[in-house]
Amino acid sequence: MPKVFTSETQKIGEIGENIAVKFLMKHGFEVLDRNYTKKWGEIDIVAQKDTKIYFIEVKSINAEIAGGEHRAEDNMHPRKLQRLARVIQTYLLYKKWYEGEWQVDLLVIYLNMKNKTARIKVVSDIIL
């Protein structure tokens, strides 16, 4: 059953995730999972490039409303990182990914809905 998005924030988030997937695929990533959810957290995108697994957190912002001063990466507060670490551990155990390399990245998607454009900022290798 497809997701039903009721709020404007959810719609912007979905658009941003779709743009992130296209961006990753264009840069040679294979998308393994989207919205891997457990009751203690969610991973937006799980991708692989070469032999490394990437856990991608996507933050989408309506650039028209937020202006230039909003920093989405500031939303990666300690509690969010803790939940993300727990769900990543669950994913790695479930997939039996015991010895391979992995990292956590943040993709910030700045959307201009009026002009139908997006700008992407990549924050690589976030420490949990």
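Throughout, read-outs are computed from the coordinates displayed, never taken from laboratory work. Bear in mind that the values here come from a model prediction, so they are computed numbers and not experimental data. Here the Cβ positions follow ideal geometry from the backbone for every residue, glycine too, while neighbour counts run over all protein chains shown.
Past 19 Å, Cα to Cα, is the threshold; run 38/80; 38/96; 49/116; 11/114; 59/121 against it and keep the listed order.
Numbers: 38/80 14 Å; 38/96 17 Å; 49/116 29 Å; 11/114 15 Å; 59/121 10 Å.
Beyond 19 Å between Cα atoms: 49/116.
What FRET efficiency do you get for residue 18 and residue 124 if R0 is 25 Å and r is their Cβ-Cβ distance, rounded to the nearest 0.05?
On the way: r = 21 Å, r/R0 = 0.84.
Efficiency, from the Cβ-Cβ distance: 0.75.
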Could you tell me what % of all Cα pairs in the chain have separations over 25 Å?
-> 24 percent
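Which value, in debye to the nearest 20, gives the size of the charge dipole of the chain about its Cα centre, when Lys and Arg are +1 and Asp and Glu are -1 at the Cβ? Each step should come with its number before you reach the end.
Values: 21 positive and 17 negative charges, 58 e Å.
Dipole about the Cα centre, nearest 20: 280 debye.
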Can you tell me the relative contact order of the chain? Whole percent, Cα pairs under 8 Å, sequence separation 6 or more.
-> 24 percent
By DSSP, what percent of the beta bridges with both residues in the chain are antiparallel, rounded to the nearest 5?
-> 65 percent
HN-Hα J in Hz across the range 26-34 - Karplus 6.51, -1.76, 1.60, θ = phi - 60°, x for Gly and Pro = 4, 9, x, 8, 9, 7, 8, 8, 10
